[in-house]
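Reviewing the structure listed below.
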Amino acid sequence: MRNSLTTSKKISLQFTIFSAILLCIFGILVNIIFFLSWYALRDPERPRHDDDEESSFAVHIPLHKEFPRHELRFDPDDPEVEELLDAKLWNGVAKLDDYYLHYVIAGDKVIIRNISSQIEAQMALLRVTLVLVLVGSAFAYGFSFLFVKKALKKLKKLNQALEKLDIDHLNQPLLVEGNPKDEINKVSQKFNLALAKIQRQTLGLKDFIKNASHELKTPLMTIFTLSDLAKKTKDYEAIIKKIKAEAKSMDQLLETLLLITQIEDKTELPKQELNLSQSLKGLLEQYQLTYQEKNLNFISDFPPSLTKKVHPQGRTTIVSNLLSNACKFTPQGGTIQISLNDQELKISDTGPGISKEQQEKIWERFWQAEESHTDTKSFGLGLYLAQLFTQKQGFQLAVSSVLGQGTTFILKF
């Protein structure tokens, strides 16, 4: 049943129970104080006055007429005392007919007092206490329910706004009214931040699918064209080699896309101690062989051994993409400088350079300069992937370039 209640009703019930407990405690304390005020007899040893002397010795307990309000005193052996003890209700209290009597044995006397009016007043006070608890609880529930409903009014509006949201209208932020430090307003602000992030990711996903489809469509169209050409020219061997090259290109693209998807889903990449100098030397020798026809001049400056905590695949991907870009865009006989120290890795080239406007775009997926200055096929994912691996390891990758003079990429650990 508790799970079927709304939040406003749950809060109201909790406040009502709390209020009822407070009222009960207050009522019990009032009743106890009132009870003690009449239950405790006067000190039997206190000095007695003349009017007490006259009224303290009645020979019989009058049961059939109004009981006197003052005390009566009897000897313990008197029959009235025996009758009183037989009518005992609880310690020191007895009931004879319609009278409630309070007695106490003090030495050789039994002191009796009529407490009927006090008992009636006590019962009336208990009834009043019960009524106050019930009425107070009802009022507490009613008022708390109204206050809670009013307080949750913003939450209701927030819920209505969220119900209207869909994937095509994420650019409509939730309204935040009143004090921005209000708890519900803070929730709205968090939702707006989350919606903005979802919108960016959605737009990025749409662009990603669009660009990926385009990049995959290009080699597919080439394969279809080559297939038709093979039928006409009958030069199957040469054309099959070209088809294989296009298929390999598609495979590389798919592997890169899969890798990007895997890395984007991770918050942080695990690291381990690796020798950067050794891996950099191996990659440098590889690219020297690959681009030996361009007669590039490689200048390296790094210690024989330098270890850093890095992600193995991230290390290879970052350095490979930076070296690959430098080799692609550096003209025949150009120079590439590689330096490594404990703080950073720097790779510079003497290529055409990158304009200020394009320096922000080079990190985007599938971005390629309109004038590529190279015949080497590229999907525009290398620098995006390098930056992605950099950020997931907590490093920084920046670019510095001047048109006509070259480009420098700096990886700071």
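The values are calculated or read from the model by the stated rules, or taken from the named source; none is laboratory data. Small disclaimer: the values here were computed from a predicted structure and weren't measured. Ideal geometry is used to build each Cβ from the backbone, glycine not excepted, and the neighbour counts take in all protein chains shown.
Tabulated results
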{"item": "Residue identified as within 30 Å of PHE145 (Cβ to Cβ) and at pLDDT 70 or above among SER117, SER19, SER37", "result": "SER19"}
{"item": "Selection within segment 74-94 - surrounded by fewer than 11 Cβ atoms within 10 Å (Cβ to Cβ) and either at pLDDT below 80 or in contact with a helix residue (DSSP H, G or I) (Cβ under 8 Å, 6 or more places away or on another chain) (or both)", "result": "ASP75, TRP90, ASN91"}
{"item": "LEU289, sole failed condition from (1) touching a residue at least 24 places away in the same chain (Cβ under 8 Å); (2) more than 30 Å from LEU203 (Cα to Cα); (3) surrounded by fewer than 13 Cβ atoms within 10 Å (Cβ to Cβ); (4) not acidic (Asp, Glu)", "result": "(1)"}
{"item": "Qualifying position, being in a loop (DSSP other than H, G, I, E, B), touching a residue at least 12 places away in the same chain (Cβ under 8 Å) and buried (at least 19 other Cβ atoms within 10 Å of the Cβ), among GLY333, GLY351", "result": "GLY351"}
{"item": "Sole exception among (1) of a type in the set (A, V, I, L, M, F, W, C); (2) without any contact (Cβ under 8 Å) to a residue 60 or more places away in the chain; (3) farther than 22 Å from GLU344 by Cβ; (4) out of contact with any strand residue (DSSP E or B) (no Cβ under 8 Å at 6 or more places or on another chain) for ILE260, by number", "result": "(2)"}
{"item": "Hits in segment 256-270 - residues which are surrounded by 16 or more Cβ atoms within 10 Å (Cβ to Cβ) and under 16 Å from LYS308 (Cβ atoms)", "result": "LEU269"}
{"item": "Wholly enclosed strands (runs of 3 or more DSSP E) of segment 225-314 bearing at least 3 residues under 23 Å from GLY334 (Cα atoms) and in the same structural domain as GLU344 (by TED's automatic domain parsing)", "result": "297-301"}
{"item": "Single match in ALA212, ALA247 (criterion: modelled with pLDDT of 75 or more, surrounded by 13 or more Cβ atoms within 10 Å (Cβ to Cβ) and within 30 Å of TYR384 (Cα to Cα))", "result": "ALA247"}
{"item": "Any chance ILE263 is under 19 Å from LEU385 (Cα atoms), at pLDDT 80 or above and among the β-branched types (Val, Ile, Thr)", "result": "yes"}
{"item": "Pairs with Cβ under 8 Å, 6+ apart, first in segment 241-253 and within 9 Å of PRO219 (Cβ to Cβ), second charged (D, E, K, R)", "result": "SER249/LYS377; LEU253/GLU215"}
